[in-house]
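What follows is calculated from the coordinates using simple rules that are stated; it is not laboratory data. Only a predicted model underlies this, so the values are computations on that prediction, with no experimental measurement involved. Counting neighbours? That spans all protein chains shown, and the Cβs are built from the backbone with ideal geometry, glycine included.
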Amino acid sequence: MAKLVDIQGRFPCEPDNKKPTLIKKWEYSTALYPPNNAFTSDNTFTLVTTDTFMLGIYELGPGGVFAPLDIHPGDESYYILNGPVVQRSGNGQFAYLETGEGLFMPEGAWHCCHNFSDQKTRILYFITPKAWDEHIPPAVIPTEEETKFYKGPNNDNLPDMRGAIKDISRQGCTDDIGCWPVDPAEARKTGAVYAVRDFEKLNNVHGTTHPMLLRFITSNDYGHFGEMVLPAGGYGPRCSDPDVHKGDGALYCVDGPVTVNLVDAEESFVLEPEDTFFLPAGTKYQLVNFENKPVKVVFAITEL
């Protein structure tokens, strides 16, 4: 629909005219990335791109890879919609990720992704506060001598990452909101990347009157990314307690349909699977489940 460079920070709204917006899956902006070589490009769908974050999906065909390595001036988090995928970092880390698992990449981490399966893979990504500088893709790419991999030509002269990677397998707590899966400043300093398996997500509950499960993949000073799971049942439809955020955000429907109710505006919108809803900062909303099964959305919020 448009070049990535043309819609950066401006979809579905201009920065000075943000409003709650339902984006149907057929309205996503599509492009190849990188745009200059289809053979090593992924199929990219831009869901939301504002002055504070970007939310999108990229697809890789069987045996595919996007190349060369990419980098962002913000943190990037993954939610694997259809796996498995193998994420490669320039520092020599390789993460094998299954459907429903996540990944945290601090700003400045060089990366690419491989699909070694016989099925198409799909990755939901959240980049904040900024996805790219002036060049899309980056103008300067690391050489083989500047990255680590099996029998890489310069492995011995590059940093040893073993002491930089932290163990994130412990059970988290409410105090970890804002620094999950690791301290963000330290991760940005070391460049360590973290796969967040299902059992490593930070679990919490939003609301006491109408509790809803929150499962953070990442939570730090740049943004918060994870799952909201709203159960079914009860007297009438199950709904979440109303919430409002200090920063912009978006909801992506994984298992639905689910209704987004704008409490103050007295408007509601139905999200079907793969639809997205953009929530400008200060929007009071709640989720409503009219189904006989739990519903799930992925949230991407810049400030809680």
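Observations
- Overall, the anisotropy analysis places the stretch 189-233 in the prolate class: the square-rooted eigenvalues a ≥ b ≥ c of its C-alpha gyration tensor yield a/c not less than 1.5, with a/b exceeding b/c.
- Hits among lysines - C-alpha to C-alpha of residue 19 under 27 Å, sequence gap 8 or more where chains match: 3, 130, 246, 284, 296
- Loop-located chymotrypsin sites (Phe, Trp or Tyr not before Pro) across the stretch 200-304 with a Cβ neighbour count of 13 or fewer within 10 Å are 235, with loop assigned by DSSP.
- Length-normalised contact order of the chain in % [C-alpha pairs under 8 Å, at least 6 apart]: 17 percent
- Neighbourhood net charge (10 Å Cβ-Cβ; Lys/Arg +1, Asp/Glu -1) for residue 98: -1
- Legend: translational diffusion of the stretch 86-189 by Stokes-Einstein, Rh = Kirkwood radius over C-alpha pairs, 20 °C, 1.002 mPa s; D = 133 µm²/s.
- Qualifying GluC sites (Glu not before Pro) in the stretch 109-215, where qualification requires a DSSP coil assignment and no more than 10 other C-beta atoms within 10 Å, comprise 134.
- Anisotropy class of the stretch 88-131 from Cα gyration tensor, a/c 1.5 cut: oblate
- Placing one equal scatterer on every Cα of the stretch 1-103 and applying the Debye formula, the log10 ratio I(q)/I(0) at q = 0.14, 0.18 Å⁻¹ is -0.62, -1.01.
- Along each principal axis, Cα extent of the chain, largest first, Å: 64, 44, 38
- With 5 Å bins beginning at zero, the pair-distance distribution over Cα atoms of the stretch 201-301 amounts to 3, 14, 24, 29, 21, 7, 2, 0 %.
- Mean separation of Cα contacts under 8 Å, 6 or more apart, over the residue count of the stretch 201-301: relative contact order %: 33 percent
- Sequence of 176, 51 once ranked by neighbouring C-beta atoms within 10 Å, starting from the fewest: 51, 176
- For the stretch 78-176, applying the loop criterion from DSSP together with a ceiling of 16 other beta carbons within 10 Å to the trypsin sites (Lys or Arg not before Pro) yields 120, 151, 162, 166, 170.
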